[in-house]
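Report on the structure given below.
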Amino acid sequence: MTEPEEPEGPVPFQTFILKVANRCNIDCDYCFVFNSKDQAARRLPARMDLAVARAAARRIGEHASAHRLRTIHVVLHGGEPLLVGVGHMAGLLEAVREEAPTGTRVLFELQTNGTLLSGAWLDLFERYEVAVGVSLDGPPPANDRHRLTHTGRSSAASAVRGIELLRSRPHLFAGLLAVVDLANDPVEVHDYLAAFEPPVIDFGLPHATHDDPPHRSDPSVPEYGLWMSRVYDAWLARPEYRHSVRMLEDIVALSSGVRGSVETLGLAPPTSVVIESDGSIEAVDTLRSVEEGATWLGLDVLRHSVDEALSHPKLLHRQHGKEALAEQCRACPLVDVCGGGYLPHRFSEAQGYRNPSVYCADLEYLIRHVQGSLRQHGWNPCAQAASSP
């Protein structure tokens, strides 16, 4: 397979995750923001003040201008971002739009649990061209294993109502996000989500570390890899499906020497950074699942530029590619595809991030399953990669 080109300098950030809300109206037990080792979000402002948003927008604009970025992604996140209210959200969006440099296109995205979506929200998203993704883990029994309200009630019906409302304006529908649970049937989950006709289905592995490994009924079996392989087979078996399954499409792309689209696979340097509701500039927020303070950089938009985060010691792994991986990973023939696994999933107190992913065996099984399927259809992924420029 072709070696990815090493960047000449730090790759600029292109995705800015704004934590516009730090509260949520449901209580997912796997939430890396509120139910993990780092509880800092509970001490942060419930919503991002407009003054902070304007400062963040100026810093984002400076970064885009300095690096001549033609396109940037601004992701509105939480908590549950819709808790900030329609009027306040309009002010946040306008602040970012006003500070974007001429020649830079801003693509707004928002991730929500869908329960608060309304016509007023969709009107706002129309005005600012906000693409909306909704989190849903599958049919109600599957979804309600983890995604209950604070009073222990189902959130499924409210989420489905929001998705159906969003489907009335399909150009705003970015897709669905589901967390894998081995207790749920993978084909049933996939086909249920596919019935909403999303453009994309994202499946995420539960956040886990070597010190706090993922649940398995048999540790000797790559159960998560088997689960996602069944999703792959179900997705491939129905030619009428038009949606993307991002993890699977990335495996196909990376197997062919083409860079993928997510930070959980491959060796391309991550390009996202988080701005918290108080203006703190932080590392990717899924690191909250690792340990207290894992995301903390000591930077904020009132006093520091976004560029200062590019060379922060905690983010040096962005620049080192294979050199940041465990020896076992560097020697693995699949490293260009799996990239050593997602950063939080490599962590242990003893070795930091220089470990194989806790999902190493699962990723190997899934990648080999996908590549085997491609070969059965007459395509050799490695030959494709060798011919890539």
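Here are a few things to note about the model shown:
- P(r) weight above 23 Å for the range 246-377, C-alpha pairs, percent: 37
- Here the accessible area is traced with a 1.4 Å probe on the protein chains. For the chain, carbon and sulfur cover 51 percent of it.
- Pairwise centroid distance, computed over Cα atoms, of the range 160-204 with the range 92-134, Å: 20
- Relative contact order for the chain, counting Cα pairs under 8 Å that sit 6 or more residues apart, in percent: 21
- For the range 1-94, trypsin sites (Lys or Arg not before Pro) are listed when DSSP marks them as loop and at most 13 other Cβ atoms sit within 10 Å of their Cβ; the list is R68, R70.
- Measuring nothing but alpha carbons in the chain and taking Rh as the Kirkwood radius, the Rg to Rh ratio lands at 0.94.
- Diffusion constant of the range 134-216 at 37 °C, which comes from Stokes-Einstein with the Kirkwood Cα-pair radius and 0.692 mPa s, µm²/s: 241
- Overall shape of the range 169-242 was characterised from the C-alpha gyration tensor. The equivalent ellipsoid obtained from it has semi-axes of 26, 15, 8 Å, in decreasing order.
- Among the GluC sites (Glu not before Pro) within the range 33-108, not one is in coil by DSSP while having at most 14 neighbouring Cβ atoms inside 10 Å.
- Shape of the range 224-272, Cα gyration tensor, a/c cut at 1.5: prolate
- Enclosing the Cα atoms of the range 148-304 in their convex hull gives a volume equal to 189 cubic angstrom per residue.
- Per residue solvent-accessible surface (Å²) - the chain, probe of 1.4 Å: 44
- Whole-Hz Karplus values for the range 34-44 come out as 10, 10, 10, 5, 9, 9, 4, 4, 5, 9, 8 Hz, taken residue by residue from phi with 6.51 cos²θ - 1.76 cosθ + 1.60 and θ = phi - 60°; glycine and proline positions read x.
- In the range 48-109, the C-alpha radius of gyration followed by the widest Cα-Cα span (Dmax) gives 11.6, 34 angstrom.
- Directionally averaged projected area (convex hull, Cα atoms, the range 1-109), nm²: 9.5
- Annotation: amide H of D300 within the under-5 Å range of I281, sequence separation 5 or more or interchain, hydrogens built in the peptide plane.
- With the biggest extent put first, the Cα atoms of the range 91-171 measure 48, 24, 19 Å across the principal axes.
- Estimated at 0.36 nm per residue, the fully extended path between E98 and E126 surpasses their Cα-Cα distance by 8.4 nm.
The values are calculated or read from the model by the stated rules, or taken from the named source; none is laboratory data. In this text, all values refer to a predicted model and were calculated from it rather than measured experimentally. A quick note on method: Cβ atoms are made from the backbone with ideal geometry, for glycine too, and the neighbour counts reach across all protein chains shown. Note: accessible area is taken over every heavy atom of the protein model, side chains too, but ligands, DNA and RNA are not part of it. Shrake-Rupley method; radii C 1.70, N 1.55, O 1.52, S 1.80 Å.
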